[in-house]
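J.: Quick one: this structure, given as structure tokens, is what I'll be asking you about.
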Amino acid sequence: MAAAGAVADAQAGAGDAYGEEGCIDGLVASGARVRIVLTRSSLDLSAAHEFVSDPGAGATSVFLGHTRDIHDGKAVAVLEYEAFSRMALARLQAACVAAAAAAAEASSLADGTGSGCCPAPATGAGLVPGTSPACTAAAVTRAVAGGLAAVYVAHRLGVVPVQQASVIVAAAARHRAPAMRAVADIVEAIKRGGDGGVPIWKRERYADGSCSWKEN
């Protein structure tokens, strides 16, 4: 899938069916490594940290969202998440590409090196196929110089009990500002409702036996 700032889609294990697990692994144009996961298993914070860890990055920012035990005064028993998986992966991918492009742009302007090393992604922008072990030294150098070294996004589907994690977003960068901004932008994309949002929904099941579907 050719697009500005991208060469090809690197999607694996993402079914067309509602609620399928799936994963995207690859590189954005600036060289930043990206991994996006939808899973029905428990999320692993150490996996996020291991993926984004990079010797050229001086900062790692992490968001961890988990189920709380009360909402609007009602006791929550569990949350249940469902998704249109392929579309959700595509929109999470677009959010990661946009975050990396914004970080590269901001970094190049701050360094006085021009208008940015990575153009804003076109609609449907994808990733260059590649996983962390296959990432070249040149790509890492470009990524760290351009802002972000790596981004990791994992969202759990199915039942998520109280105090367990439903989403992890992590980003590593040369400095703290692009890492923190990338995480904030991706979390906002996940939480955004409406036609342009990531199609993941949650059902709150309450201790009194009632339930309510909500946008993520």
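J.: Can you pull out the residues in the range 26-50 that are of a type in the set (A, V, I, L, M, F, W, C), assigned to a strand (DSSP E or B) and under 13 Å from V167 (Cα atoms)?
T.: Once the filter is applied, which keeps residues that are of a type in the set (A, V, I, L, M, F, W, C), assigned to a strand (DSSP E or B) and under 13 Å from V167 (Cα atoms), the range 26-50 yields I36, V37, L38.
J.: Next question, about the same structure. Looking at V167, V183 in this structure, which one is within 18 Å of V34 (Cβ to Cβ), in a strand (DSSP E or B) and at pLDDT 95 or above?
T.: Checking each option against the conditions leaves just V167.
The values are calculated or read from the model by the stated rules, or taken from the named source; none is laboratory data. Quick caveat: nothing in here was measured; it's all calculated off a predicted structure. Positions of Cβ are generated from backbone atoms using ideal geometry, with glycine treated the same way; all protein chains shown enter the neighbour counts.
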